[in-house]
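Structure first, commentary second.
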Amino acid sequence: MNSQFLAELRKAATVRLDEPMSDHTTFGIGGPADAYAIAESEEQLRALADTAHHHAVPFFILGAGSNVLVGDGGIRGLVIENRSDRVDQPVSQSNGSLLVRAQSGASLAGLARRLSQAGQAGLEWACGIPGSLGGAVIYNAGAYGGCLADCLRTVRVANNSTEVAELPASELALGYRGSAFTRGVLQGKVVLSVDLILHEGDPQALTARVAELDARRQAAQPRERNAGSVFKNTPERPAWWLIDQVHLRGHRIGDAQISPKHTNFIVNCGHASASDVKALMALAQEKVEERFGLCLEPEVTLVGEGFDG
Ligand SMILES: Cc1cc2nc3c(=O)[nH]c(=O)nc-3n(C[C@H](O)[C@H](O)[C@H](O)COP(=O)(O)OP(=O)(O)OC[C@H]3O[C@@H](n4cnc5c(N)ncnc54)[C@H](O)[C@@H]3O)c2cc1C
(Lines give C-alpha, C1' and ligand atoms only; values in the text may rest on other atoms or scores of the structure.)
Protein backbone atom coordinates (compact mmCIF):
# COMPACT_ATOMS: atom_id res chain seq x y z
CA MET A 1 0.00 0.00 0.00
CA ASN A 2 1.31 3.42 -1.05
CA SER A 3 3.26 5.01 1.82
CA GLN A 4 2.08 8.55 1.05
CA PHE A 5 -1.52 7.36 1.19
CA LEU A 6 -0.89 5.70 4.54
CA ALA A 7 0.86 8.78 5.91
CA GLU A 8 -2.13 10.93 4.95
CA LEU A 9 -4.59 8.44 6.40
CA ARG A 10 -2.66 8.45 9.66
CA LYS A 11 -3.14 12.20 9.92
CA ALA A 12 -6.88 11.54 10.09
CA ALA A 13 -7.05 8.42 12.28
CA THR A 14 -5.23 5.39 13.62
CA VAL A 15 -4.74 2.89 10.84
CA ARG A 16 -4.27 -0.86 11.22
CA LEU A 17 -2.90 -2.98 8.40
CA ASP A 18 -4.13 -6.47 7.51
CA GLU A 19 -6.94 -6.21 10.03
CA PRO A 20 -9.01 -9.42 10.27
CA MET A 21 -12.57 -8.56 9.29
CA SER A 22 -13.78 -11.55 11.32
CA ASP A 23 -13.29 -9.27 14.34
CA HIS A 24 -15.70 -6.72 12.90
CA THR A 25 -18.64 -8.70 11.53
CA THR A 26 -21.53 -10.27 13.41
CA PHE A 27 -20.86 -13.48 11.45
CA GLY A 28 -17.32 -13.55 12.89
CA ILE A 29 -16.14 -14.29 9.36
CA GLY A 30 -13.87 -12.44 6.93
CA GLY A 31 -10.24 -12.19 5.81
CA PRO A 32 -7.98 -9.16 6.29
CA ALA A 33 -8.63 -5.61 5.17
CA ASP A 34 -5.49 -4.04 3.66
CA ALA A 35 -6.03 -0.96 5.83
CA TYR A 36 -8.61 -0.36 8.57
CA ALA A 37 -9.43 2.94 10.24
CA ILE A 38 -12.08 3.96 12.74
CA ALA A 39 -13.95 7.23 12.29
CA GLU A 40 -15.15 8.52 15.66
CA SER A 41 -16.69 11.64 14.15
CA GLU A 42 -18.25 12.85 10.93
CA GLU A 43 -15.13 14.94 10.27
CA GLN A 44 -12.96 11.85 10.50
CA LEU A 45 -15.36 9.85 8.34
CA ARG A 46 -15.19 12.47 5.61
CA ALA A 47 -11.43 12.97 5.92
CA LEU A 48 -10.76 9.24 5.57
CA ALA A 49 -13.10 8.87 2.59
CA ASP A 50 -11.56 11.98 1.00
CA THR A 51 -8.05 10.63 1.36
CA ALA A 52 -9.05 7.36 -0.28
CA HIS A 53 -10.80 9.29 -3.10
CA HIS A 54 -7.77 11.47 -3.59
CA HIS A 55 -5.44 8.47 -3.94
CA ALA A 56 -7.95 6.48 -5.99
CA VAL A 57 -7.94 3.73 -3.35
CA PRO A 58 -11.21 1.80 -3.04
CA PHE A 59 -12.86 2.18 0.33
CA PHE A 60 -15.66 0.40 2.12
CA ILE A 61 -17.78 1.93 4.87
CA LEU A 62 -18.52 -0.53 7.65
CA GLY A 63 -21.31 0.12 10.13
CA ALA A 64 -21.85 -2.64 12.66
CA GLY A 65 -20.97 -5.36 10.15
CA SER A 66 -24.35 -7.01 10.72
CA ASN A 67 -25.37 -7.44 7.09
CA VAL A 68 -22.13 -8.40 5.38
CA LEU A 69 -20.36 -11.60 4.46
CA VAL A 70 -16.70 -10.70 3.94
CA GLY A 71 -14.73 -13.08 1.73
CA ASP A 72 -11.92 -15.21 3.14
CA GLY A 73 -9.43 -13.26 1.02
CA GLY A 74 -10.47 -10.05 2.75
CA ILE A 75 -10.98 -6.55 1.39
CA ARG A 76 -8.54 -4.68 -0.83
CA GLY A 77 -8.13 -1.02 -0.07
CA LEU A 78 -9.43 0.79 2.99
CA VAL A 79 -12.22 -0.18 5.38
CA ILE A 80 -13.60 2.74 7.38
CA GLU A 81 -15.52 1.73 10.49
CA ASN A 82 -18.10 4.40 11.15
CA ARG A 83 -18.52 5.25 14.81
CA SER A 84 -19.80 8.80 14.37
CA ASP A 85 -22.78 8.46 16.65
CA ARG A 86 -23.93 11.85 17.88
CA VAL A 87 -27.69 12.13 18.34
CA ASP A 88 -29.19 15.60 18.71
CA GLN A 89 -32.03 16.37 21.09
CA PRO A 90 -35.45 15.95 19.42
CA VAL A 91 -36.85 19.25 18.17
CA SER A 92 -40.63 19.88 18.20
CA GLN A 93 -42.11 20.78 14.82
CA SER A 94 -45.02 23.14 14.21
CA ASN A 95 -47.32 20.18 13.40
CA GLY A 96 -46.55 18.52 16.76
CA SER A 97 -44.11 15.94 15.44
CA LEU A 98 -40.50 15.60 16.61
CA LEU A 99 -37.41 15.86 14.46
CA VAL A 100 -34.34 13.87 15.50
CA ARG A 101 -31.01 14.26 13.72
CA ALA A 102 -28.54 11.41 14.28
CA GLN A 103 -25.17 10.65 12.78
CA SER A 104 -24.98 7.55 10.64
CA GLY A 105 -22.79 5.54 13.02
CA ALA A 106 -25.40 5.65 15.79
CA SER A 107 -26.96 2.32 16.72
CA LEU A 108 -30.46 1.89 15.27
CA ALA A 109 -31.59 -0.41 18.09
CA GLY A 110 -30.00 1.78 20.76
CA LEU A 111 -31.76 4.84 19.41
CA ALA A 112 -35.07 2.98 19.11
CA ARG A 113 -34.86 1.94 22.77
CA ARG A 114 -33.86 5.38 24.05
CA LEU A 115 -36.62 7.11 22.13
CA SER A 116 -39.25 4.58 23.24
CA GLN A 117 -38.28 4.99 26.89
CA ALA A 118 -38.56 8.75 26.45
CA GLY A 119 -42.07 8.41 25.00
CA GLN A 120 -41.04 9.26 21.44
CA ALA A 121 -42.83 6.93 19.08
CA GLY A 122 -42.06 5.67 15.59
CA LEU A 123 -38.95 3.52 15.85
CA GLU A 124 -40.04 0.74 18.25
CA TRP A 125 -40.01 -1.87 15.47
CA ALA A 126 -36.21 -1.38 15.23
CA CYS A 127 -35.38 -2.23 18.86
CA GLY A 128 -33.76 -5.55 17.91
CA ILE A 129 -32.00 -4.70 14.64
CA PRO A 130 -28.28 -4.74 15.31
CA GLY A 131 -26.81 -2.18 12.93
CA SER A 132 -25.96 1.46 12.39
CA LEU A 133 -28.34 4.06 11.02
CA GLY A 134 -26.16 4.25 7.90
CA GLY A 135 -26.62 0.55 7.19
CA ALA A 136 -30.33 0.89 7.96
CA VAL A 137 -30.69 3.56 5.26
CA ILE A 138 -28.88 1.44 2.66
CA TYR A 139 -31.29 -1.48 3.15
CA ASN A 140 -34.33 0.36 4.40
CA ALA A 141 -34.12 -1.86 7.46
CA GLY A 142 -37.44 -3.06 8.76
CA ALA A 143 -39.21 -5.49 11.06
CA TYR A 144 -42.65 -6.25 12.49
CA GLY A 145 -44.49 -4.12 9.96
CA GLY A 146 -42.27 -1.03 10.24
CA CYS A 147 -39.32 0.16 8.19
CA LEU A 148 -37.01 3.15 8.12
CA ALA A 149 -38.86 4.73 5.20
CA ASP A 150 -41.84 5.26 7.55
CA CYS A 151 -39.97 7.81 9.63
CA LEU A 152 -37.00 8.93 7.53
CA ARG A 153 -37.26 12.53 6.35
CA THR A 154 -33.84 13.33 4.88
CA VAL A 155 -30.30 12.01 4.72
CA ARG A 156 -27.08 13.95 4.42
CA VAL A 157 -24.78 12.28 1.95
CA ALA A 158 -21.13 12.99 1.07
CA ASN A 159 -20.86 13.13 -2.70
CA ASN A 160 -17.16 13.77 -3.01
CA SER A 161 -14.40 15.46 -1.09
CA THR A 162 -16.13 18.80 -0.68
CA GLU A 163 -19.80 18.35 -1.41
CA VAL A 164 -22.51 17.30 1.01
CA ALA A 165 -26.04 16.87 -0.32
CA GLU A 166 -29.21 16.76 1.74
CA LEU A 167 -31.62 14.36 0.05
CA PRO A 168 -35.28 13.86 0.91
CA ALA A 169 -36.25 10.24 1.62
CA SER A 170 -38.49 10.36 -1.48
CA GLU A 171 -35.32 10.51 -3.65
CA LEU A 172 -33.75 7.41 -2.13
CA ALA A 173 -35.95 4.80 -3.85
CA LEU A 174 -36.45 3.03 -0.52
CA GLY A 175 -38.13 -0.33 -0.98
CA TYR A 176 -38.10 -3.80 0.53
CA ARG A 177 -34.51 -4.19 1.82
CA GLY A 178 -33.09 -1.89 -0.83
CA SER A 179 -32.58 1.69 -1.97
CA ALA A 180 -30.83 3.84 -4.52
CA PHE A 181 -27.67 3.00 -2.56
CA THR A 182 -28.01 -0.71 -3.32
CA ARG A 183 -29.47 -0.33 -6.79
CA GLY A 184 -26.83 1.95 -8.21
CA VAL A 185 -27.69 5.62 -8.41
CA LEU A 186 -26.21 6.47 -5.01
CA GLN A 187 -23.81 3.53 -4.79
CA GLY A 188 -20.50 4.45 -3.19
CA LYS A 189 -21.85 7.56 -1.49
CA VAL A 190 -21.37 7.93 2.25
CA VAL A 191 -24.38 8.50 4.49
CA LEU A 192 -23.38 11.06 7.11
CA SER A 193 -26.55 11.63 9.10
CA VAL A 194 -30.30 11.11 9.04
CA ASP A 195 -33.30 13.17 10.08
CA LEU A 196 -36.13 11.13 11.53
CA ILE A 197 -39.69 12.22 12.20
CA LEU A 198 -41.27 10.84 15.37
CA HIS A 199 -44.28 11.68 17.43
CA GLU A 200 -45.23 11.88 21.08
CA GLY A 201 -46.32 8.59 22.61
CA ASP A 202 -46.87 6.97 25.96
CA PRO A 203 -43.51 5.80 27.41
CA GLN A 204 -45.12 2.88 29.23
CA ALA A 205 -46.95 1.61 26.17
CA LEU A 206 -43.84 2.04 24.01
CA THR A 207 -41.63 0.23 26.51
CA ALA A 208 -44.15 -2.60 26.69
CA ARG A 209 -44.17 -2.84 22.89
CA VAL A 210 -40.35 -3.05 22.86
CA ALA A 211 -40.45 -5.84 25.46
CA GLU A 212 -43.01 -7.71 23.37
CA LEU A 213 -40.87 -7.42 20.23
CA ASP A 214 -37.76 -8.52 22.16
CA ALA A 215 -39.58 -11.65 23.30
CA ARG A 216 -40.77 -12.43 19.77
CA ARG A 217 -37.26 -12.02 18.39
CA GLN A 218 -35.70 -14.15 21.11
CA ALA A 219 -38.18 -16.94 20.48
CA ALA A 220 -37.65 -16.90 16.71
CA GLN A 221 -33.96 -16.26 16.13
CA PRO A 222 -30.82 -18.33 16.74
CA ARG A 223 -28.18 -17.41 19.32
CA GLU A 224 -25.10 -18.37 17.29
CA ARG A 225 -23.24 -15.74 15.27
CA ASN A 226 -25.10 -14.76 12.11
CA ALA A 227 -25.94 -11.83 9.84
CA GLY A 228 -29.72 -11.86 10.13
CA SER A 229 -31.88 -13.01 7.23
CA VAL A 230 -29.69 -14.34 4.46
CA PHE A 231 -32.26 -14.05 1.65
CA LYS A 232 -35.05 -11.63 0.87
CA ASN A 233 -38.55 -13.04 0.93
CA THR A 234 -39.98 -13.69 -2.52
CA PRO A 235 -43.32 -12.09 -3.41
CA GLU A 236 -44.81 -15.61 -3.42
CA ARG A 237 -43.39 -17.10 -0.21
CA PRO A 238 -41.12 -16.23 2.71
CA ALA A 239 -37.55 -17.40 2.19
CA TRP A 240 -37.53 -19.48 5.40
CA TRP A 241 -40.52 -21.51 4.18
CA LEU A 242 -38.94 -22.23 0.80
CA ILE A 243 -35.66 -23.35 2.43
CA ASP A 244 -37.56 -25.53 4.87
CA GLN A 245 -39.52 -27.17 2.06
CA VAL A 246 -36.28 -28.27 0.34
CA HIS A 247 -35.21 -29.99 3.60
CA LEU A 248 -32.21 -27.85 4.41
CA ARG A 249 -33.08 -27.13 8.05
CA GLY A 250 -29.93 -27.85 10.04
CA HIS A 251 -27.88 -28.62 6.89
CA ARG A 252 -24.19 -27.96 7.42
CA ILE A 253 -21.20 -27.22 5.23
CA GLY A 254 -18.02 -26.96 7.28
CA ASP A 255 -18.91 -24.85 10.31
CA ALA A 256 -21.71 -22.99 8.53
CA GLN A 257 -25.22 -24.26 9.19
CA ILE A 258 -28.73 -23.41 8.10
CA SER A 259 -30.12 -22.66 11.53
CA PRO A 260 -32.33 -25.43 12.90
CA LYS A 261 -34.29 -22.63 14.63
CA HIS A 262 -34.86 -20.32 11.65
CA THR A 263 -34.12 -21.55 8.15
CA ASN A 264 -33.44 -18.09 6.67
CA PHE A 265 -30.49 -17.69 9.06
CA ILE A 266 -27.08 -19.21 8.43
CA VAL A 267 -25.08 -19.52 11.62
CA ASN A 268 -21.37 -19.79 12.27
CA CYS A 269 -20.95 -22.83 14.53
CA GLY A 270 -17.33 -22.02 15.29
CA HIS A 271 -14.85 -21.47 12.49
CA ALA A 272 -17.04 -21.16 9.40
CA SER A 273 -15.41 -19.63 6.33
CA ALA A 274 -17.08 -17.29 3.89
CA SER A 275 -16.79 -20.06 1.31
CA ASP A 276 -18.78 -22.39 3.58
CA VAL A 277 -21.54 -19.80 3.92
CA LYS A 278 -21.51 -19.01 0.22
CA ALA A 279 -21.74 -22.73 -0.61
CA LEU A 280 -24.77 -23.12 1.68
CA MET A 281 -26.39 -20.09 0.09
CA ALA A 282 -25.78 -21.52 -3.39
CA LEU A 283 -27.24 -24.87 -2.34
CA ALA A 284 -30.39 -23.24 -0.98
CA GLN A 285 -30.77 -21.14 -4.14
CA GLU A 286 -30.28 -24.16 -6.39
CA LYS A 287 -32.76 -26.38 -4.56
CA VAL A 288 -35.43 -23.67 -4.29
CA GLU A 289 -35.06 -22.81 -7.97
CA GLU A 290 -35.28 -26.50 -8.92
CA ARG A 291 -38.37 -27.22 -6.81
CA PHE A 292 -40.30 -23.94 -7.01
CA GLY A 293 -38.79 -22.05 -9.96
CA LEU A 294 -38.19 -19.12 -7.58
CA CYS A 295 -35.02 -17.10 -7.26
CA LEU A 296 -33.74 -16.42 -3.73
CA GLU A 297 -32.05 -13.04 -3.77
CA PRO A 298 -29.41 -12.47 -1.06
CA GLU A 299 -30.23 -9.89 1.60
CA VAL A 300 -26.72 -10.12 3.02
CA THR A 301 -24.07 -8.21 1.04
CA LEU A 302 -21.07 -10.21 -0.14
CA VAL A 303 -17.92 -8.11 0.05
CA GLY A 304 -14.27 -8.70 -0.79
CA GLU A 305 -12.32 -11.58 -2.23
CA GLY A 306 -11.84 -15.31 -1.95
CA PHE A 307 -15.25 -16.87 -1.66
CA ASP A 308 -14.29 -19.90 -3.71
CA GLY A 309 -11.02 -21.12 -2.37
C1 LIG B 1 -29.33 -11.00 14.55
C2 LIG B 1 -29.66 -10.08 13.41
C3 LIG B 1 -30.97 -9.69 13.20
C4 LIG B 1 -31.29 -8.82 12.15
N5 LIG B 1 -32.58 -8.45 11.99
C6 LIG B 1 -32.89 -7.58 11.01
C7 LIG B 1 -34.25 -7.15 10.83
O8 LIG B 1 -35.15 -7.52 11.57
N9 LIG B 1 -34.51 -6.29 9.82
C10 LIG B 1 -33.53 -5.82 8.98
O11 LIG B 1 -33.84 -5.01 8.09
N12 LIG B 1 -32.25 -6.22 9.12
C13 LIG B 1 -31.90 -7.08 10.10
N14 LIG B 1 -30.61 -7.49 10.24
C15 LIG B 1 -29.59 -7.06 9.26
C16 LIG B 1 -28.82 -5.80 9.65
O17 LIG B 1 -28.83 -5.59 11.04
C18 LIG B 1 -29.36 -4.56 8.95
O19 LIG B 1 -29.30 -4.71 7.55
C20 LIG B 1 -28.58 -3.31 9.34
O21 LIG B 1 -29.30 -2.18 8.90
C22 LIG B 1 -27.16 -3.26 8.75
O23 LIG B 1 -26.46 -2.17 9.33
P24 LIG B 1 -24.89 -2.24 9.60
O25 LIG B 1 -24.49 -0.96 10.20
O26 LIG B 1 -24.53 -3.46 10.37
O27 LIG B 1 -24.36 -2.36 8.11
P28 LIG B 1 -23.04 -3.15 7.65
O29 LIG B 1 -23.31 -4.60 7.67
O30 LIG B 1 -21.85 -2.65 8.38
O31 LIG B 1 -22.95 -2.66 6.14
C32 LIG B 1 -23.93 -3.08 5.22
C33 LIG B 1 -23.81 -2.25 3.94
O34 LIG B 1 -24.18 -0.89 4.22
C35 LIG B 1 -23.12 -0.03 3.82
N36 LIG B 1 -23.06 1.08 4.77
C37 LIG B 1 -23.11 1.02 6.12
N38 LIG B 1 -23.04 2.26 6.65
C39 LIG B 1 -22.95 3.13 5.61
C40 LIG B 1 -22.85 4.55 5.50
N41 LIG B 1 -22.80 5.35 6.58
N42 LIG B 1 -22.77 5.10 4.26
C43 LIG B 1 -22.78 4.32 3.15
N44 LIG B 1 -22.86 2.96 3.19
C45 LIG B 1 -22.95 2.38 4.40
C46 LIG B 1 -21.86 -0.91 3.84
O47 LIG B 1 -20.85 -0.37 3.02
C48 LIG B 1 -22.42 -2.21 3.36
O49 LIG B 1 -22.53 -2.23 1.95
C50 LIG B 1 -30.25 -8.34 11.28
C51 LIG B 1 -28.93 -8.74 11.51
C52 LIG B 1 -28.63 -9.60 12.57
C53 LIG B 1 -27.20 -9.99 12.80
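Quick notes on this one:
- Close pairs (7 angstrom Cβ cut-off, 6 or more residues apart or separate chains): touching a residue at least 40 places away in the same chain (Cβ under 8 Å) in region 185-198, assigned to a strand (DSSP E or B) and near the ligand (Cβ under 7 Å from one of its atoms) anywhere: Val190/Ile61
- Scanning region 191-221 for residues that are outside any helix (DSSP H, G or I) and either at pLDDT 95 or above or away from the ligand (no atom under 15 Å from the Cβ) (or both) yields a count of 12.
- Scanning region 121-153 for residues that are under 22 Å from Pro168 (Cβ atoms), surrounded by fewer than 22 Cβ atoms within 10 Å (Cβ to Cβ) and either outside the structural domain of Leu196 (by TED's automatic domain parsing) or near the ligand (Cβ under 8 Å from one of its atoms) (or both) yields Gly142, Cys147.
- Selection from region 95-126 of residues that are in a loop (DSSP other than H, G, I, E, B) and under 30 Å from Arg10 (Cα atoms): Ser104, Gly105, Ala106
- The criterion of at least 1 residues that are among the polar types (S, T, N, Q) and surrounded by 23 or more Cβ atoms within 10 Å (Cβ to Cβ) is met, among strands (runs of 3 or more DSSP E) falling completely within region 1-94, by 75-82.
- Test: residue in region 37-44 that is touching a helix residue (DSSP H, G or I) at 6+ places or on another chain (Cβ under 8 Å), under 22 Å from Pro298 (Cα atoms), modelled with pLDDT of 95 or more and within 11 Å of the ligand (Cβ to nearest atom): no
- Residue selected from region 156-189 under the condition charged (D, E, K, R) and within 22 Å of Arg86 (Cα to Cα), by the criterion nearest to the ligand (Cβ to nearest atom): Lys189
The values are calculated or read from the model by the stated rules, or taken from the named source; none is laboratory data. Nothing here was measured: the structure is a model prediction, and the numbers come from that model. Heads up, the Cβs are rebuilt from the backbone with ideal geometry, glycines too, and the neighbour counts pull from every protein chain shown.
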